[in-house]
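Engineer: Mind looking over this structure? Questions follow.
None of the figures in this text is laboratory data; all of them are computed from the coordinates on show. Just so you know, these numbers come straight off a predicted model, no measurement behind them. For neighbour counting, all protein chains shown are included, and Cβ atoms are generated from backbone atoms with ideal geometry for every residue, glycine included.
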Amino acid sequence: MMKATAKAPANIGFIKYWGKRDEELRLPLNSSISITLSNCFTITTVKFSKNFKRGSFKIVGEETTKKEKERVLKHLDRIRKKAGINFKARVLSQNSFPKKAGIASSASGFAALTVAASKAAGLKLSQKELSILARQGSGSACRSIPDGFVEWKAGSKNENSYSQSLYPPTYWNLRDLVVVVKDPIKKVGSTAAMKLSLKNPYFKKRLQQLPKRIKKIKKALTKKDFALLGEMIEEDAVDFHAIIMTSKPPIFYWNKVTMDIIHKVIELREEGIVESYFTIDAGPNVHLICQAKDALSLKKEIQKIKGVQKIIVNKPASGAHLINQHLF
Ligand code: DP6
């Protein structure tokens, strides 16, 4: 049967992927590091059939735009080409989080699509090949293929730009609290914002600093040095947003609530109440990295902030994998 279903986690960048050397292949200008997220995921079922007159792509409970449909179709074409088939496909996806929550769904979405569609098309791909393929759908999706703590080595061409697991999910008992803030729909997508950043002089500066920062983050992971890890996560998040805020035209992803959360996290840390560190993707939601023992008290404190809508607590998770329960 040419049908398969996969589940893939979203991931949060400790070192952000920002800037492409090749738009079409989605080859990044820098290596990045992330963890996969247990409670933010996408499940996708793909079926190819010679009887289908036309293809379809739907997300349960959500509207899909023409642009999104085209991007999915293009990805299916990559897989059809690899498998040497030309059947139409039916694709149904379900996110564990609503798209309007502003949690990046392209990473989990394209990782799940890649694993499900390759299997349904009869391909037998290695984890490396799946990561390379997922990357072409959305860069960050290649980091949702392996388990746990993940590194995406930038590489120089299609064949050597992919992600690998540095440590399994259970290696370090960390949590990522995704703090969903009010009015979180992002206005400028990451693909477009990234392109704008290339012309920014601060962009080059960040690239120069990254090898040192990556080295420090890897050391923090090896030694389980939480303070060092946190320092590097925040440093990179702030650098990355400074670039976005100073591009022309500037993009402001943070809103008032974002800022209130940042101040609170620093205050809790400096007063010795809870140690956590923030990072932020291309939107106003804040990710708070903490140790498992502190997750509950941190959640309680952050929930008090006006404008916080929801907090999703995540552990490092398994990467994308096939599952038996199909969506149709
Ligand atoms: C801010 O993977 O969404 O989340 O390759 O254009 O699809 P495309 O970009 P995308 O970029 C995500 C960037 C980020 C940082 C990160 O996750 O590393």
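Engineer: Once amide H atoms are built 1.01 Å from N in the peptide plane, which residues 5 or more positions from Ser56, or in another chain, come under 5 Å H to H?
Structural biologist: Ala89, Arg90, Val91
Engineer: Which order do peptides 51-58, 92-99, 67-74 fall in by mean Cβ count within 10 Å, highest first?
Structural biologist: 92-99, 67-74, 51-58
Engineer: Further question: HN-Hα J couplings of the stretch 187-200 from phi, Karplus 6.51/-1.76/1.60, θ = phi - 60°, integer Hz, Gly and Pro as x?
Structural biologist: Working through the residues one at a time gives 8, 10, x, 5, 4, 6, 5, 4, 5, 5, 5, 4, 7, 7 Hz.
Engineer: Label the stretch 180-270 by shape, choosing from rounded, prolate and oblate, from the square roots a ≥ b ≥ c of the eigenvalues of the Cα gyration tensor; if a/c is under 1.5 it is rounded, and otherwise prolate applies when a/b is larger than b/c, oblate when it is not.
Structural biologist: oblate
Engineer: Ranked highest first by average number of other Cβ atoms within 10 Å, how do 159-166, 194-201, 141-148, 246-253 line up?
Structural biologist: Order by mean packing, descending: 141-148, 159-166, 194-201, 246-253.
Engineer: Tyr17's amide H: which non-local residues (gap 5+, or another chain) put their own amide H closer than 5 Å, with H modeled 1.01 Å from N in plane and none for Pro or chain starts?
Structural biologist: Those qualifying (amide H under 5 Å, at least 5 residues apart or on another chain) number zero.
Engineer: Classify the stretch 233-328 from the C-alpha gyration tensor, please: rounded if a/c falls under 1.5, else prolate or oblate depending on whether a/b exceeds b/c.
Structural biologist: Since a/c reaches 1.5 but b/c is at least a/b, the shape of the stretch 233-328 is classed as oblate.
Engineer: Set the Förster radius R0 to 41 Å, insert the Cβ-Cβ distance between Ile273 and Leu207 as r into 1/(1 + (r/R0)^6), and round the FRET efficiency to 0.05.
Structural biologist: Calculated transfer efficiency: 0.70.
Engineer: Below 11 angstrom from the Cβ of Ile59, what's the summed charge of the other residues (Lys, Arg +1; Asp, Glu -1)?
Structural biologist: Taking every Cβ under 11 Å from that of Ile59, the sum is 0.
Engineer: In addition: What percent does the relative contact order of the stretch 27-115 come to when contacts are Cα pairs within less than 8 Å and at least six residues apart?
Structural biologist: Once normalised by length, the contact order is 47 percent.
Engineer: Could you run the Karplus curve 6.51 cos²θ - 1.76 cosθ + 1.60 with θ = phi - 60° over the stretch 246-251 and give me ³J(HN,Hα) per residue in whole Hz, x for Gly and Pro?
Structural biologist: Whole-Hz 3J(HN,Hα) from phi for the stretch 246-251: 10, 7, 10, x, x, 10.
Engineer: Please report, in Å, the Rg and the Dmax of the chain, where both are computed over Cα atoms only.
Structural biologist: Final numbers for Rg and Dmax: 19.2, 65 Å.
Engineer: Scan around Asn39 for amide H atoms under 5 Å from its own, H built in the peptide plane at 1.01 Å from N, and keep only partners 5 or more places away or cross-chain.
Structural biologist: Lys315
Engineer: Label-point separation (nm) for Lys82 and Lys310, each offset 7 Å from Cα along Cα-to-Cβ?
Structural biologist: For Lys82 paired with Lys310, the spin-label model returns 3.1 nm.
Engineer: If you average the alpha carbon positions of the stretch 153-168 and of the stretch 98-125, how far apart do those two centres end up, in angstrom?
Structural biologist: The distance from the Cα centre of the stretch 153-168 to that of the stretch 98-125 comes to 18 Å.
Engineer: Further question on the same structure: Which whole-Hz ³J(HN,Hα) couplings does the stretch 214-230 yield from phi under the Karplus relation 6.51 cos²θ - 1.76 cosθ + 1.60, θ = phi - 60°, glycine and proline marked x?
Structural biologist: Taking θ as phi minus 60°, the curve returns 5, 4, 5, 5, 5, 5, 4, 5, 4, 8, 6, 8, 5, 5, 5, 4, x Hz for the stretch 214-230.
Engineer: Among DSSP beta bridges lying fully in the chain, give the percent that are antiparallel, nearest 5.
Structural biologist: 95
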